[in-house]
Structure formats: structure tokens, C-alpha cells
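The values are calculated or read from the model by the stated rules, or taken from the named source; none is laboratory data. These figures come from a predicted structure and were not determined experimentally. Here the Cβ is made from the backbone with ideal geometry for all residues, glycine too, and neighbour counts use every protein chain on show.
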Amino acid sequence: MAAFTEASLLDVWEAAHGLSGVRRALALAVAAGAEPAGVGDLAVGRRDEFLLALRERCFGTAFPCLVDCPSCGAELELELSSRDLRPSQVDSAPVLAVAGYEVEFRAVTSRDVLEATSRRALLERCVAGELPEAVLAALPEALAAADPQADVRIELDCAVCGHRWASPFDIAGYLWTELEARARRLLYDVHALALAYGWSEAEVLAVSPGRRRRYLELAGTVA
């Protein structure tokens, strides 16, 4: 799949800017190719697969990360790959057996998250009919197991104190942080070079990043 152009990246950023976390994730999934009419009803893990694909198109398959050890507070630097963030998928029609019940359930969708008014209501949307507390209590773990892409956790160990833990990875938040930083950098370049040379946005973005930096240096406007 072709990489995004800088102009396309700005379009994606503009479409998602100002939205809440879930709605922003949906907008990014649509930019990656998800159908707008049905994106809200995709399992969260399937939606996040689109976000991973978008991130690869925009920034590549390496994911540099900084993580604080929850035990000693040391800052750890690591680099993940796309493979690290794609857990094995499971049967799409899972069954939960607990307390004498066998309950079919489905994965959580973005629409569920947006419309549910409580944690219990969110769980009840994933099953048919009312269920006893024992079943509802076991459902979150079953949901995570059935849709592992929705709850990606990275096994880490601290090089300083030896502490080991599983750290959650939020592709929507990670991708948006990168898009926001890149978009603001591009907007600065357009603004500075428009003032210095009278170029349009399209003309600025048509210049390669390396040459653009040089023009900014010559204009004395490097941030």
C-alpha cells in the first residue's frame, strides 16, 4: 500500500482534529480505508487494525517508545515493530462458560463505547438477555481474549530494577500524537515559507523535506 503524501496527512489530521478519542479513532480508521457507514460497528480490534495500517503508511513499521518503570520510575527506551502489536486472532463467535451458563457474546464496538452509559451497560450490549453477576464479572476477561487487538499489552522488564510487567499499548493515542506533531510541523513550514517566498501550501509541500529545511534556514525561520 502506498505511503501517505504530506498533503494527505494534513487532510487526515484536519478531519480528526477536535474530535473525542473514540470518534477520532473512527475518523482515522475511515482514512485508512474502513467503510464510513459501518466503521462504528466494527469490533474495536478490527478498527485498530485499520489504525495500525494507517500508521505504517504514514510513519513506517518501527514504533519508538518511552516507558516509565512502575516500580522504580526509570525511563526505558525501546522500539516495537508492527509484529509486536498484532496478536494472534481467535474465533469470531466465542462462548463463555461460567456458573452453569454457556453464553455467546460478541466483541465490543466503538458504537458500544459511545452509547453505553455505564460499564455494566457496555457489557450487556455484548450479550443477549439479562445475565447474573457471576457471568458479567467473567465477561471482561473473555472479551479481551476474544478480541486481543483491542487490548494489546507488551511484556516489559526494567533494565534498572528487574521489575516485569505488561504495559498497554494504545494505537489510537500513539498514532494521533505522531500525526499532531507532524501536522503542526508541516503547517509551520507552510506558514514560514509562504511569508518568506509567497508560496502556496501546495507549492511548499511539493518541495522535498530536506530542501524545505534549507529554504527555511536561508529565510532565517527554522524553528
For this session: Restrict the check to region 207-222 and report whether at least one residue is touching a Phe, Trp or Tyr at 6+ places or on another chain (Cβ under 9 Å) and closer than 30 Å to residue 72 by Cβ.
Result: no
Exercise. Looking at region 173-195, is at least one residue among the hydrophobic types (A, V, I, L, M, F, W, C), surrounded by 12 or more Cβ atoms within 10 Å (Cβ to Cβ) and in a loop (DSSP other than H, G, I, E, B)?
Worked result: no
For this session: Tell me which residues, restricted to region 173-223, are of a type in the set (A, V, I, L, M, F, W, C), without any contact (Cβ under 8 Å) to a residue 40 or more places away in the chain and within 22 Å of residue 32 (Cα to Cα).
Result: 181
For this session: Run down 142, 107 and say which single residue is within 23 Å of the chain's Cα centre (by Cα) and either surrounded by fewer than 12 Cβ atoms within 10 Å (Cβ to Cβ) or over 30 Å from residue 9 (Cβ atoms) (or both).
Result: 142
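If you check 43, 62, 25, which single one turns out to be among the aliphatic types (A, V, I, L, M), in contact with a Leu (Cβ under 8 Å, 6 or more places away or on another chain) and buried (at least 16 other Cβ atoms within 10 Å of the Cβ)?
On the way: 43 fails: in contact with a Leu (Cβ under 8 Å, 6 or more places away or on another chain); 62 fails: buried (at least 16 other Cβ atoms within 10 Å of the Cβ).
Being among the aliphatic types (A, V, I, L, M), in contact with a Leu (Cβ under 8 Å, 6 or more places away or on another chain) and buried (at least 16 other Cβ atoms within 10 Å of the Cβ) holds for just one of 43, 62, 25, which is 25.
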Problem set entry | Which numbered condition residue 117 misses (of (1) in the same structural domain as residue 42 (by TED's automatic domain parsing); (2) out of contact with any Leu (no Cβ under 7 Å at 6 or more places or on another chain)) | (1)
Problem set entry | Search result, residues across region 110-161 that are more than 24 Å from residue 85 (Cα to Cα), in contact with a Phe, Trp or Tyr (Cβ under 7 Å, 6 or more places away or on another chain) and not in a loop (DSSP other than H, G, I, E, B) | 127, 135
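Residues are listed down the side, and each one gets a yes or a no for (1) modelled with pLDDT of 95 or more; (2) touching a strand residue (DSSP E or B) at 6+ places or on another chain (Cβ under 8 Å):
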residue: 127; (1), (2): no, yes
residue: 140; (1), (2): no, no
residue: 165; (1), (2): yes, yes
residue: 177; (1), (2): yes, no
residue: 182; (1), (2): yes, no
residue: 201; (1), (2): yes, no
residue: 205; (1), (2): yes, no
residue: 220; (1), (2): no, no
Exercise. Would a scan of region 68-91 turn up a residue that is under 12 Å from the mean Cα position of the chain (by Cα), outside any helix (DSSP H, G or I) and closer than 16 Å to residue 172 by Cα?
Worked result: no
